[in-house]
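Have a look at the structure below before the remarks.
The values are calculated or read from the model by the stated rules, or taken from the named source; none is laboratory data. What you are looking at is a predicted structure, and each value in this text was computed from that prediction instead of being measured. Every residue, glycine among them, receives a Cβ derived from its backbone with ideal geometry; neighbour counts consider all protein chains shown.
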Amino acid sequence: MKKKRRSQRIALLLVIAILLSLFVAIAMVMTMSGCSSREIVGLPEDSGGKTVTSPAGMTGETEVSAIRSSPPSSSSPPTSTLNTPKPTLSKTSKTLRTTTAATSRQTESRSRASYGPPVMKAPGAVALTFDDGPGQYTGELLDALKEYGVKATFFVQGRFAEQYPGLIRRMHQERHGIGNHTYSHRFLSETDEATRRSQLARTSDAIERITGVRPRLMRPPGGYRNGAVFREAGRQGMAAVFWDIDTADWKYKDSQYVYHYLLNHTAAGKIILMHDTHKTTVDGFIRALPVLLDHGFTFVTVDELVELRPGEVYPLRWR
Ligand SMILES: [Zn+2]
């Protein structure tokens with residue numbers, strides 16, 4: 001009897017031991033799968049935040065998009081950046097992201113083509129760009145550009161093109177670049193498809209009515225962008241152009257600031273962002289222009305700086 005009870009006890013212990021080890025094994029498997037799934041989720045989010053905020057040090061229009069994109073980056077676990085080597089992480093996730101994005105796109109061949117390096121036509125020159133106008137100070141700006149024989153690119157709003165057709169005509173006659181900046185400064189990645197389409201089309205229509213030429217470049221207001229924005233721009237025959245140097249002129253509204261900023265930051269091969277809707281910008285720029293010319297800078301339109309096809313994005317880091 002004693003023997004039987006002992007063997008029963010041993011059997012019971014064995015069963016408990018097996019159950020315990022099974023439980024431990026299951027727990028281990030669950031923890032492991034939990035980790036990996038968190039990493040997979042964390043990767044694109046992490047890189048997503050980084051990609052958007054990476055045109056860093058940029059305030060102004062970028063700032064808005066950086067703020068808007070902060071929720072995804074903050075929701076990704078901060079530990080993931082500590083545990084793992086950062087560069088590898090973002091690289092891998094970017095590859096993942098671009099691969100999935102590219103395959104899901106209908107315009108696959110165009111997207112692939114757009115991922116090639118851009119052809120710089122005037123690498124030593126600078127492209128001055130003015131957004132949001134035309135406005136009441138644009139005439140004065142055009143006078144100064146004419147005086148110094150300098151070409152710039154204007155990303156205009158359709159509603160103001162309609163309001164100031166004379167200024168648009170003059171830009172065209174004086175061989176400045178004219179780009180599409182939507183009809184009423186809508187953040188294109190935040191709108192529905194129909195709005196996105198009409199905001200761009202109405203503006204291109206307005207520019208074409210005045211100049212006889214449809215714009216081939218567009219700049220998304222606020223820097224708000226995604227694949228849908230680029231695809232719509234491409235469908236309408238335009239490349240998306242952002243900037244390298246953001247003066248943040250709209251923020252400081254100080255001509256002295258604009259003047260100094262331009263003298264300190266203008267660099268060859270770069271696209272500079274300003275807004276001709278502010279008097280302080282126009283004043284500061286007009287003072288800086290002869291100094292920059294004295295320093296040997298040459299200025300071209302975006303079109304002359306880099307060769308871009310519809311659907312392409314420039315500079316590349318904004319993709
Ligand atoms: Zn704008």
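Here are the numbers for the structure shown:
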{"item": "Inter-residue pairs, beta-carbon under 6 Å, first assigned by TED's automatic domain parsing to the domain that holds LYS151 and over 19 Å from ILE271 (Cβ atoms) and in segment 177-194, second assigned to a loop (DSSP other than H, G, I, E, B) and away from the ligand (no atom under 11 Å from the Cβ), 6+ apart", "result": "SER189/ARG225; SER189/ASN226"}
{"item": "Candidate set from segment 236-250 (those that are surrounded by 23 or more Cβ atoms within 10 Å (Cβ to Cβ), of a type outside the set (S, T, N, Q) and in a loop (DSSP other than H, G, I, E, B)); member that is farthest from the chain's Cα centre (by Cα)", "result": "MET238"}
{"item": "Hits in segment 269-305 - residues which are buried (at least 21 other Cβ atoms within 10 Å of the Cβ), in a helix (DSSP H, G or I), out of contact with any strand residue (DSSP E or B) (no Cβ under 6 Å at 6 or more places or on another chain) and not hydrophobic (A, V, I, L, M, F, W, C)", "result": "GLY284"}
{"item": "Helices (runs of 4 or more DSSP H) wholly inside segment 129-224 that include at least 3 residues being within 16 Å of the ligand (Cβ to nearest atom)", "result": "158-163, 193-211"}
{"item": "Scope segment 141-195; condition aromatic (Phe, Trp, Tyr) and crowded, with 17+ Cβ neighbours inside 10 Å; matching residues", "result": "PHE154, PHE155, PHE160, TYR164, TYR183, PHE187"}
{"item": "Residue in segment 161-174 that is modelled with pLDDT of 95 or more, under 22 Å from GLU312 (Cβ atoms) and in the same structural domain as THR129 (by TED's automatic domain parsing) present", "result": "no"}
